[in-house]
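**Student:** Please see the structure below; I have some questions.
Since every read-out is calculated from the coordinates, none of them should be taken as a lab result. Note that the structure is predicted; figures quoted are calculated from it, not measured. Counting neighbours? That spans all protein chains shown, and the Cβs are built from the backbone with ideal geometry, glycine included.
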Amino acid sequence: MAVERLATRLTEVKRRINLAVDRSGRKSGEIKLVAVSKNHPIDKIKYLKEQGISNFGENRVQELLDKAAEIDKISWHFIGHLQRNKVKYLMRMPNCQLIHSLDSWRLAKEIDKQARKNECIMPVLVQVNVAEDENKFGFKLEEVEEFLKKAAELKNLVIKGLMTVVPYTDDPELSRPFFRRLADLKSDLVQKGYDLEELSMGMTNDFEVAIEEGATIVRVGTALFGKRGDYQ
Ligand SMILES: *Cc1c(COP(=O)(O)O)cnc(C)c1O
């Protein structure tokens, strides 16, 4: 493992986050970095943990469970499309911190049900398909409020905020309008009394713009770990 490269990348990501924080007049404590470790081996995760990174994101349940079995004292974030039949495995984990990808009513009901069985209350984010990209999961912007109303009856999940994955682009400025729309929706909903704190948006190519637009969580894979090769 090229430890020096990981160390250099981590320093660089932190520097870029700090610059974006300064530019936007925010405080660095307002932004949480989730290191997206999908397709990367456990030794890289262990190394970043030693460097003080404590939040890791995965998009497949089996991979998350395999890794979680090998390393403790970190918080896991589930960031991919979640099949209902796999929800129970996440609910049994003591350190599944946040599910970012709540994208349907049926999934919400299953998370609630499994969380109740495990006597826990699961924190989740509502995934919003801001760009209305056919290939992506998530609610439309205009569906979110109604969903929140309905979800209030589910007592074993707590909706902490909103998340989006925007279409891939080399030009981060193209992501800005999508991030802004999600941030505006969050403000509207907060004004209406919904208790939403988190905005999970921004990846390797556009996390600075996301911070400028109000992200509280950025999900960074490639910029930290390097390119994803075949899973080993
Ligand atoms: C893979 C992934 C990321 C990280 O992507 P990078 O471009 O490698 O930073 C973030 N969010 C989600 C939902 C992902 O699937």
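**Student:** So Glu110 clears everything in (1) within 22 Å of Arg219 (Cα to Cα); (2) crowded, with 17+ Cβ neighbours inside 10 Å except one condition, right? Which one?
**Tutor:** All conditions are met except number (1).
**Student:** What number goes with the only condition from (1) surrounded by fewer than 21 Cβ atoms within 10 Å (Cβ to Cβ); (2) outside any helix (DSSP H, G or I); (3) within 11 Å of the ligand (Cβ to nearest atom) that Gln127 does not pass?
**Tutor:** Among (1) surrounded by fewer than 21 Cβ atoms within 10 Å (Cβ to Cβ); (2) outside any helix (DSSP H, G or I); (3) within 11 Å of the ligand (Cβ to nearest atom), the lone unmet condition for Gln127 is (1).
**Student:** Turning to a different aspect of this structure: Among the residues of the range 153-164, are any outside any helix (DSSP H, G or I), under 26 Å from Val21 (Cβ atoms), among the hydroxyl-bearing types (Ser, Thr, Tyr) and touching a residue at least 60 places away in the same chain (Cβ under 8 Å)?
**Tutor:** No, the conditions are met nowhere in the range 153-164.
**Student:** Being surrounded by fewer than 19 Cβ atoms within 10 Å (Cβ to Cβ), of a type in the set (Asp, Glu) and in a helix (DSSP H, G or I) is the requirement here; does Glu142 meet it?
**Tutor:** yes
**Student:** Are there any pairs, at least 6 apart or on different chains, whose C-beta atoms fall under 9 Å, with the first in the range 178-190 and touching a residue at least 24 places away in the same chain (Cβ under 8 Å) and the second small (Gly, Ala, Ser) and assigned to a helix (DSSP H, G or I), and if so, which?
**Tutor:** Phe179/Ala210
**Student:** Taking the range 29-57 as the region of interest, how many residues are free of Cβ contacts under 8 Å to residues at least 60 places away in the same chain and acidic (Asp, Glu)?
**Tutor:** Looking only at that region, the number is 2.
**Student:** All but one of (1) free of Cβ contacts under 8 Å to residues at least 40 places away in the same chain; (2) within 15 Å of the ligand (Cβ to nearest atom) hold for Glu110; state the number of the condition that does not hold.
**Tutor:** (2)
So that you can scan it fast, the table gives a plain yes or no per residue for (1) surrounded by 17 or more Cβ atoms within 10 Å (Cβ to Cβ); (2) within 16 Å of the ligand (Cβ to nearest atom); (3) among the small types (Gly, Ala, Ser):
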{"residue": "Ser28", "(1), (2), (3)": "no, no, yes"}
{"residue": "Val36", "(1), (2), (3)": "yes, yes, no"}
{"residue": "Asn39", "(1), (2), (3)": "yes, yes, no"}
{"residue": "Lys44", "(1), (2), (3)": "yes, yes, no"}
{"residue": "Phe56", "(1), (2), (3)": "yes, yes, no"}
{"residue": "Gln62", "(1), (2), (3)": "no, yes, no"}
{"residue": "His81", "(1), (2), (3)": "no, yes, no"}
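Yes/no per residue for (1) surrounded by fewer than 22 Cβ atoms within 10 Å (Cβ to Cβ); (2) within 16 Å of the ligand (Cβ to nearest atom); (3) closer than 20 Å to Leu148 by Cβ:
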residue: Asp170; (1), (2), (3): yes, yes, no
residue: Gly193; (1), (2), (3): yes, no, yes
residue: Phe207; (1), (2), (3): no, yes, no
residue: Ile211; (1), (2), (3): no, yes, no
residue: Ala223; (1), (2), (3): yes, yes, no
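**Student:** Hey, Ala215 hits all of (1) part of a loop (DSSP other than H, G, I, E, B); (2) free of Cβ contacts under 8 Å to residues at least 60 places away in the same chain; (3) of a type outside the set (S, T, N, Q); (4) more than 11 Å from the ligand (Cβ to nearest atom) but one; which does it fall short on?
**Tutor:** The failed condition is (2).
**Student:** Report whether or not Leu141 is within 16 Å of the ligand (Cβ to nearest atom) and not charged (D, E, K, R).
**Tutor:** Against the criterion (within 16 Å of the ligand (Cβ to nearest atom) and not charged (D, E, K, R)), Leu141 does not qualify.
**Student:** Can you pull out the strands (runs of 3 or more DSSP E) entirely within the range 1-108 that have at least 2 residues that are of a type in the set (D, E, K, R) and within 26 Å of Val209 (Cβ to Cβ)?
**Tutor:** Where strands (runs of 3 or more DSSP E) fall fully within the range 1-108, none carries at least 2 residues being of a type in the set (D, E, K, R) and within 26 Å of Val209 (Cβ to Cβ).
**Student:** Which of the residues belonging to the range 145-168 are surrounded by fewer than 16 Cβ atoms within 10 Å (Cβ to Cβ) and within 16 Å of the ligand (Cβ to nearest atom)?
**Tutor:** Pro167, Tyr168
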